[in-house]
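Below: one structure, written as structure tokens.
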Amino acid sequence: MRSTMQDVPLSIASILRHGQQVFGDATLTTLGDTGNRRASFAEVSANAARLAHGLRGLGIDGDQRVGTFMWNNQEHMEAYLAVPSMGAVLHTLNIRLFPDQVTYIANHAGDEVVIVDSSLIPLLAKVLGGMTTVHTVLVVGDGDIAPLEPTGKQILRYADVLSGGSASYNWPDVDERSAAAMCYTSGTTGNPKGVAYSHRSMWLHSQAACTTNSLQLSFQDTALVIVPQFHANAWGIPYAAFMAGADLVMPDRFLQAEPLVRAIETEKPTMSGAVPTIWNDILNYLRANPGHDISSIQRIICGGSAVPRALMEGFASEFGIRIIQAWGMTETSPLGSVAWPPRGLSEEAAWDYRTTAGRFAFGVEGRIVDDSGEVQPRDGKAVGELQVRGPWVAAAYYQDDDPQKFDGGWLRTGDVGTIDPRGYITLTDRAKDVIKSGGEWISSVELEGTLMAHPAIREAAVVGVPDERWDERPLAAVVLKDGESVTPDELCTWLAERVAKWWLPERWAFIEEVPKTSVGKFDKKVLRKSYADGELEVTTLP
């Protein structure tokens, strides 16, 4: 028996139309130097139509790739909507990658047009000449385009391309399994890998983000989208907001603690999302500059790396704001799991679950597999690599064969941990970061989180380094808060009350800042190399 339901494609265009027609009065605000810019969803949708007409005039008439080299702002959202909806493929270029990596991914994806914010022209000028498939650049803003002209590409003003264009567009009914957008991994090992998201996967992901068990986006929300739009679709928040009718606040290039706090005070967002390092900076700023009102925020979605419990407790106790830890990756679009605690628990008991990676979002299945390939029980004890599958989980990389990453339909995440009987995931490390000392595992993630609860410590990263007796031992690299001082002996004494004795690091380094990747995660390979090259000043305890 066949269904009698209408076969309507799940597409980005349907999200655009819904936001335009049902929530046209919702607002997108972009932070600025002299004042914030505002546009309704109806106006954003009209500009998306104008952009689509302009791109069609530039030869984008199929599934060609259109790159963006942009901050989070109104024009980037217009590209988010226009490019996939017209049947082309949106490729968000990571502005923080090394120049040769930016060139590589633009060429690998086959970008033909790039939309760039004028403030980023100096960065793009360094790499544009090597982008062999790009023929046209659209410049957003009034910045000087002269640095781009020697590349021989056609340079046009975004506003000119939109000027006079029709505010409506006959969005085609695309195949929902065709590519809508692309993101590339950050390339911590080898060249970045491309993930092509389908219309169907992004539609389903957006719907999942609106559910109560997930990000809880609704028309009653105002979402401050700090996580970059080039980082795994800004965690799906922009599309989910357009689907749900949530107002959007885009920070543009104003990503430091002070302007972000000011934006929270003036725009009154109810939720936000960013990596832990951003919220750690904001918390330290608020402590050093008391009197700010950020009470509009009800919840913060935090991921990208493990969220220190001390950070969560700081926002909860000092500002009454709940940080919700979530887990995901570029290959999972990125929503994988969210750490809402089980019902019926005391506040103290709930912390044991809030500090996990949470339970899988509906649509994502997961398992733990050991080194021999055996699926492990969900008992909270058996340790293995986390593997996932689902309708918004990648099955392959774009034009790159990587059989080690995919296991019979499951994505091998590279994260190591456990799953308990309630389905909560506890991640102890990345597979490449686990510390095996004398045959026993040490969790660098847990050590880092515990260290960052110390009142004198701003940041801490732990890596495994070679040891003659134990094969490997932890090295703790610590960043102190301004005006604070503490010795390795004092830190070991403090740690001894909180972790197993054999976890205690013998090697300590006090550094100015923990090196970070292009998306704000701790870059541990840089620390390991600095140690191996003798560049770290290390204190070794007996």
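Going by the alpha-carbon gyration tensor, a ≥ b ≥ c the square roots of its eigenvalues, is the range 1-63 rounded (a/c under 1.5) or, if a/c is not under 1.5, prolate (a/b greater than b/c) versus oblate? In terms of gyration-tensor shape, oblate. Remark: the range 335-475 carries a charge dipole of roughly 520 debye about the Cα centre, counting +1 on each Lys and Arg Cβ and -1 on each Asp and Glu Cβ.
Taking Cβ atoms as reference points and 15 Å as the exclusive limit, the residues near Y239 contribute a net charge of -2, counting Lys and Arg as +1 and Asp and Glu as -1.
With neighbours defined as other Cβ atoms within 10 Å of a residue's Cβ, the residues I419, I511 order from fewest to most as I511, I419. Coupling constants for the range 330-340 follow from the phi torsions by the Karplus curve (6.51 cos²θ - 1.76 cosθ + 1.60, θ = phi - 60°), and in residue order they are 3, 6, 10, 6, x, 5, x, 8, 9, 8, 7 Hz; glycine and proline get x.
For the listed peptides 88-98, 366-376, a ranking on the average number of other beta carbons within 10 Å per residue, highest first, reads 88-98, 366-376.
Placing R0 at 22 angstrom, the Cβ-Cβ distance between N191 and S119 gives a FRET efficiency of 0.20 after rounding to 0.05. Percent of C-alpha pairs per 10 Å bin in the range 433-540, short distances first: 15, 51, 31, 3. Rg and Dmax over the alpha-carbon atoms of the range 177-280 stand at 14.7, 43 Å.
Fully extending the segment from A288 to E265 would add 6.6 nm, taking 0.36 nm per residue of separation and subtracting the current Cα-Cα distance.
Over 22 Å apart at the Cα level, from the set K126/K432; K432/K481; K193/K524; K126/K521, are K126/K432; K432/K481; K126/K521.
What separates the Cα centres of the range 461-516 and the range 212-278 is a distance of 34 Å. Considering only G314, Q229, A146, the residue lying farthest towards the positive end of the dipole of the chain is Q229, judged by Cα position with unit charges set on Cβ.
In this Cβ point-charge picture (+1 for Lys and Arg, -1 for Asp and Glu), the range 1-45 has a dipole of about 120 debye about its Cα centre. Placing unit charges on the Cβ atoms of the charged side chains and taking the dipole of the chain about its Cα centre, the candidate lying farthest along the positive direction among S119, L541, I419 is I419. Remark: M1, M312 ranked as M1, M312, counting other beta-carbon atoms within 10 Å and listing the fewest first. Here the residues E440, E468, E176, ranked from fewest to most Cβ neighbours within 10 Å of their Cβ, fall in the order E468, E440, E176. Only Cα sites of the chain enter the Debye sum here, all with the same form factor; the resulting log10 I(q)/I(0) across q = 0.05, 0.07, 0.11 1/Å is -0.20, -0.40, -1.01, listed in q order.
In this structure, S346 and E318 have a Cβ-Cβ separation that, at R0 = 22 Å, corresponds to a calculated FRET efficiency of about 0.60.
What shape does the range 358-428 take by its C-alpha gyration tensor, where a ≥ b ≥ c are the square roots of the eigenvalues and a/c under 1.5 counts as rounded, a/b above b/c as prolate, and the rest as oblate? Oblate is the answer for the range 358-428, as a/c is 1.5 or above yet b/c matches or exceeds a/b. For the chain, the Cβ-based charge dipole about the Cα centre amounts to some 900 debye (Lys, Arg positive; Asp, Glu negative; other atoms uncharged).
Values quoted throughout were computed directly from the atomic coordinates according to the rules given, and no laboratory measurement underlies them. Computed from a predicted structure; not experimentally measured. Here Cβ is always computed from backbone atoms with ideal geometry, including for glycine, and neighbour counts include all displayed protein chains.
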